[in-house]
Amino acid sequence: SSGTNVKDEL
Amino acid sequence: MNAFRLAGDMTHLISVLVLLLKIHTIKSCAGISLKTQELYALVFATRYLDIFTDFISLYNTVMKLIFLGSSFSIVWYMRRHKLVQRSYDKDHDTFRHQLLVLPCLILALLIHEQFTFKEVMWTFSIYLEAVAILPQLVLLQRTRNIDNLTGQYVFFLGAYRSLYILNWIYRYFTEPHYVHWITWISGLVQTLLYADFFYYYISSWKNNVKLTLPA
């Protein structure tokens, strides 16, 4: 996973 | 966005508002650790480096601005505002926060998903947030005398972390490829740090007595 998903979290 | 995530963000927001209410309205920061507040300001400053480059949603941008603005204004109040400054319990707030910043920075340089400046800073902010509450918890334990707003502030912060864990579990089962070990382990560590506080907070609330922590 590139971490793009998690960046939508605060 | 699922309900756990939204509830997590809202309890996070409430915790900040409770603290601002205490500082702005009562002009007191008694029992609040400046060390923890400075760490949070650093956490948000390093995590939201993407605020003007990657647009996710209006909600995200607004919340980021609120967390950045509130964390820096709390630090400003505690350091510069004459009345607030006077209530700061400097003698008990002696946790050496450099001891948290440096190991987190080294860990972020070693363990990250991508070796870019933004990604390493983001990872650093995740590690630092996990332990940033420690000076506050130490201060609570030292002063013993915990007022309602301070207790509620820490309670809502802990609730925010617990709700984020539920959010991750939910997303793991509903979204493909949703695996984020760095965030999960850090978040779990952070939530566990609150366990002790939660235990005493809930038992004081159940027994309807003033919150105190054992020495």
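The values are calculated or read from the model by the stated rules, or taken from the named source; none is laboratory data. Just so it is clear, the model here is predicted, and its values are computed rather than measured. For neighbour counting, all protein chains shown are included, and Cβ atoms are generated from backbone atoms with ideal geometry for every residue, glycine included.
Scanning the range B:89-120 for residues that are closer than 20 Å to B:P135 by Cα, of a type in the set (D, E, K, R) and surrounded by 13 or more Cβ atoms within 10 Å (Cβ to Cβ), we see that the one that is nearest to the other protein chains (Cβ to nearest Cβ) is B:D93. In the condition set (1) under 21 Å from B:A30 (Cα atoms); (2) in a loop (DSSP other than H, G, I, E, B); (3) not hydroxyl-bearing (S, T, Y), B:I74 is compliant with all but (2).
Residue-by-condition table, conditions (1) touching a residue at least 24 places away in the same chain (Cβ under 8 Å); (2) farther than 30 Å from B:D89 by Cα:
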| site | (1), (2) |
| --- | --- |
| B:V131 | yes, no |
| B:T143 | yes, no |
| B:T150 | yes, no |
| B:F155 | yes, no |
| B:R161 | yes, no |
| B:Y172 | no, yes |
| B:E175 | no, yes |
| B:I182 | yes, yes |
| B:Q190 | yes, no |
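Of the candidates B:L102, B:L68, the single residue that is of a type outside the set (V, I, T) and either within 18 Å of B:H24 (Cβ to Cβ) or touching a Pro at 6+ places or on another chain (Cβ under 9 Å) (or both) is B:L68. What residue, among those in the range B:17-33 that are in contact with a Leu (Cβ under 9 Å, 6 or more places away or on another chain) and assigned to a helix (DSSP H, G or I), is farthest from the other protein chains (Cβ to nearest Cβ)? Only one residue fits best here, namely B:K22.
Among the residues in the range B:72-83, are any within 11 Å of another protein chain (Cβ to nearest Cβ) and either under 22 Å from B:Y160 (Cβ atoms) or surrounded by 15 or more Cβ atoms within 10 Å (Cβ to Cβ) (or both)? Scanning the range B:72-83 turns up no residue that is within 11 Å of another protein chain (Cβ to nearest Cβ) and either under 22 Å from B:Y160 (Cβ atoms) or surrounded by 15 or more Cβ atoms within 10 Å (Cβ to Cβ) (or both). Where helices (runs of 4 or more DSSP H) sit wholly within the range B:142-215, those with at least 3 residues that are within 14 Å of chain A (Cβ to nearest Cβ), surrounded by 13 or more Cβ atoms within 10 Å (Cβ to Cβ) and on the phi < 0 side of the Ramachandran plot occupy B:148-174, B:181-193.
Looking across the range B:78-127, the residues that are closer than 12 Å to B:L34 by Cβ, of a type outside the set (D, E, K, R) and in a helix (DSSP H, G or I) come down to B:M78, B:V84, B:Q85, B:S87.
Before we move on, is B:W184 of a type in the set (A, V, I, L, M, F, W, C) and touching a helix residue (DSSP H, G or I) at 6+ places or on another chain (Cβ under 7 Å)? So B:W184 fits the description; yes. Going by what's in this entry, would B:K64 be described as assigned to a helix (DSSP H, G or I) and within 14 Å of another protein chain (Cβ to nearest Cβ)? Taking the combined requirement at face value, the residue satisfies it. Test B:I56 against the stated conditions and say whether it is under 23 Å from B:Y170 (Cβ atoms) and within 14 Å of chain A (Cβ to nearest Cβ). In short, yes.
Restricting attention to the range B:38-74 and to residues that are of a type in the set (F, W, Y) and more than 19 Å from B:A132 (Cα to Cα), the residue that is modelled with the lowest pLDDT turns out to be B:F52. Considering B:L34, B:L65, B:L58, B:L21, the condition of being under 20 Å from B:N145 (Cα atoms) and loosely packed, with under 15 Cβ neighbours inside 10 Å is satisfied by B:L21 alone.
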